[in-house]
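Reading through the structure tokens given below for one structure.
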Amino acid sequence: MKIASEYSDGRLTVYLAGELDHHSAKMTVSGIAESIDRYLPRDLVLDLTQLGFMDSSGIAVIVRSYKKMRDAGGRMYIENPQQQPLKVLDASGIDRMIPIAAKREVTT
């Protein structure tokens, strides 16, 4: 799992690449939290363009990040999920809490 971030004009974009599973979840939560604490953004965007796999641990990472942003008065978005992570996101119903942009049609 690789994490990179970029901050500009109150918007923190965190890029996740690789696989987000129970082995990488703790490190990912810590990395996102550190970036939020460093920049205190108004908006957090999780860019999943390079995330090839995510299991339910990824949902926990997203929910914890969402709660941290909500508690700070900020907003959170998910962008560009690939097919497999999008299936997990859709199954979780997380789009009722967090908007998902560039959402592709999932085929079963």
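The values are calculated or read from the model by the stated rules, or taken from the named source; none is laboratory data. Small disclaimer: the values here were computed from a predicted structure and weren't measured. Methodologically, a virtual Cβ is constructed for each residue, glycine included, from the backbone with ideal geometry; neighbour enumeration extends over all protein chains shown. Just the protein is used for accessible areas: all its heavy atoms, side chains included, with ligands, DNA and RNA removed. Shrake-Rupley method; radii C 1.70, N 1.55, O 1.52, S 1.80 Å.
Each of Lys26 and Gln82 was given a label point 7 Å from its Cα along the Cα-to-Cβ line. The distance between the two points is 2.6 nm. Working from Cα positions, state the angle (0 to 90°, nearest 10) between the long axis of helix 56-71 and the longest principal axis of the chain. It is inclined by approximately 30 degrees. Matching the structure-derived P(r) over Cα pairs in 5 Å bins from 0, in percent against the labelled list (1) 2, 15, 23, 22, 19, 12, 6, 1, 0; (2) 2, 13, 26, 28, 19, 9, 2, 0, 0; (3) 2, 10, 18, 17, 13, 10, 9, 7, 5, 4, 3, 2, 1, 0 gives the label (2).
Given contacts defined as C-alpha pairs under 8 Å and at least six residues apart, what's the relative contact order of segment 20-102, whole-number percent? Reported relative contact order: 35 percent. Rg/Rh for segment 32-87 stands at 0.98; both radii use Cα atoms, and Rh follows the Kirkwood definition. Straight distance only, please: which aspartates and glutamates reach the Cα of Lys87 with their own Cα at less than 20 Å, same-chain residues fewer than 8 apart left out? By straight Cα distance, Lys87 reaches Glu19, Asp21, Asp47, Asp55, Glu79, Asp95, Glu105.
Taking each DSSP H run with n ≥ 4 as -39500 (n - 2.57) and averaging over every residue of the chain yields -12000 deg cm²/dmol at 222 nm. Debye-formula intensities of segment 9-62, expressed as log10 I(q)/I(0) at q = 0.18, 0.30, 0.31 Å⁻¹, are -0.57, -1.23, -1.26 (one equal scatterer per alpha-carbon, no solvent).
Note on surface exposure: Thr49, Thr28 rank Thr49, Thr28 by accessible area, highest first, 1.4 Å probe.
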